[in-house]
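Engineer: Dropping a structure here in structure tokens format, bear with me for questions.
What follows draws every value from the coordinates through simple rules; no lab data is involved. A quick note: this is a predicted structure, and the numbers were derived from the prediction, not measured. No Cβ is skipped: glycine too gets one built from the backbone with ideal geometry, and neighbour counts run over all protein chains shown.
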Amino acid sequence: MNPAPPAHAHAPSLKTPLTTAQQQQQLAAGRNVSPSPGLRYPSNKKTIYDRNLSRSKNAELSRAAFGYLFVEMIGYAQRRVRGVADLEKRLNAQGYPLGLKLLDLLLTRSPLPSTSPSLRPTRILPLLQFITTTLWKHLFGRPADALERSAANADEYMISDNEPLVNTYISVPREMSQLNCAAYVAGVIEGVCDGAGFATRGVSAHWVGEGGGEGGKGMWPGKTVFLIRFADEVLEREEILGKNG
Amino acid sequence: MSYYFVIIGTKDNPLFEHEFGTYRQGGDGISRFREDTRHMNQFVAHASLDILEEVQWAGGQMYLKTIDRYPPTGSTISAFITAANAKFLLLHQPNNISTTSNPSSLTANRNAPTSTTPAATDEAIKNFFNDVYDSWVKTIMNPFWRVDTPVRSPVFRSRVAASAKKYL
């Protein structure tokens, strides 16, 4: 830069300040905005990595906002579907990634912030208890109402919820009476099971309105059961672990 | 010490790789794997996955400690498994060659027995894994992240490098 030929003394003196200013600009841009082209930072310069994982205060969402969003999600899933089963499958697929994420997040938020993350569930029962208590409390503010094992099939477990929050503001039309929009929650459950290494043959939501019929006079007309069917290899492993432990 | 860190997805596919050296005992954070065996690192790390899959069901701990060794290069592999079955593997290899050629090795060696006891190393690796796990959970919280896709975020890489500098 410095050893500029004296004959052209004017040209470099005009040029250099411009280039250094440009360089400074580029440097500043590189430092503050993006270390690599294409990466954009939010306006407050905070990335997802600067947020605290354990901050759960004021993290509750209003029911109105949830209701609105959920209706839009159902509307989106309803486009170009052929039937109720197809629609439930789509709702299930929407919930699945949420389950994968919540599994890691909720285990990281162990009761004591200083301790290392909690234990991974390695057996079926701790996994289901994690779902009915930790997960349910996180999503709906209360634990699930019951957890049962099917008497007929050893691989089937049932979680029941007397009044699913997701169905609170939904009235199902008569011609689609089979539809249960809690299929979304079933998807979340499937995500948790699958993520933890417990493959399922599907998780589904079913109506079991107590004392149903036309009047619907039962105590919990909206009672829903989530049926979890674990894959054969999961039960096989459970048996082996049971023998060793 | 030289380190090779890799995150492996549920389909045994690598999602993130990072190679670095120690910052302890005057280290500069640059890995010094022997050139003739360096290409083996990925293979050696992936070879430990079978052992990991057996160990993971023995208990609910995420940090599985040292699970495998590869004597020809003196490498050791420590593992960590997340709740959603992503695996963190850390291959560590002591580099004898560089410490003997290092002029400050005399002082470093004197300190070595106290600062690198197995228990202390174990604790450091555990802290490193926990720190990376924190960043990892933040990564997967991204609504656009899909399971088993590679992580390309430069911010995540710098976070891992910072954890490495802090603990290893």
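Engineer: Net charge near residue B:119: determine it from the other residues with C-beta under 14 Å of the C-beta of residue B:119, scoring Lys and Arg +1 and Asp and Glu -1.
Structural biologist: Summing Lys and Arg as +1 and Asp and Glu as -1 gives 0.
Engineer: Order B:152-164, A:123-135 from most to least packed using the mean count of other Cβ atoms within 10 Å.
Structural biologist: Sorting B:152-164, A:123-135 by mean packing, highest first, produces A:123-135, B:152-164.
Engineer: Another question about this same structure. Could you give the angle, 0 to 90 degrees to the nearest 10, between helix B:154-167's Cα long axis and the longest principal axis of the Cα atoms of chain B?
Structural biologist: 40
Engineer: With everything on Cα atoms, drop me the angle between helix B:105-115 and the longest principal axis of chain B, reported from 0 to 90° to the nearest 10.
Structural biologist: 50
Engineer: So, one more: So what's the angle, to the nearest 10 degrees on a 0 to 90 scale, between helix B:118-140 and the longest Cα principal axis of chain B?
Structural biologist: Orientation of helix B:118-140: about 30 degrees from the principal axis.
Engineer: While we're here: Please report Rg over Rh for the range B:2-167, where both radii come from the alpha carbon positions and Rh follows the Kirkwood definition.
Structural biologist: 0.97
Engineer: Also, quick follow-up: Averaged over its residues, how many other protein chain Cβ atoms are within 10 Å of peptide B:55-61's Cβ atoms?
Structural biologist: That works out to 5 on average.
Engineer: Extent of the range A:38-106 along each principal axis, from alpha carbon coordinates, in Å, largest to smallest?
Structural biologist: So the extents along the principal axes, rounded to whole Å, are 45, 34, 25.
Engineer: Relative contact order, percent, of chain B when contacts are C-alpha pairs under 8 Å separated by at least 6 residues?
Structural biologist: Contact order relative to length: 26 percent.
Engineer: I've got another one for you. Which ³J(HN,Hα) values, rounded to whole Hz and listed in residue order, are derived for the range B:77-86 from phi using the Karplus coefficients 6.51, -1.76 and 1.60 in 6.51 cos²θ - 1.76 cosθ + 1.60 with θ = phi - 60°, glycine and proline given as x?
Structural biologist: Values per residue, Gly and Pro as x: 10, 9, 9, 9, 10, 7, 4, 8, 6, 7 Hz.
Engineer: Shifting gears a bit: Provide a whole-number value for the mean count of partner chain Cβ atoms within 10 Å of the Cβ atoms in peptide B:74-84.
Structural biologist: 4
Engineer: Then there's this: Could you work out, residue by residue across A:99-108, how many beta carbons of other chains sit within 10 Å of that residue's beta carbon, and then give the average as an integer?
Structural biologist: Average per residue, whole number: 6.
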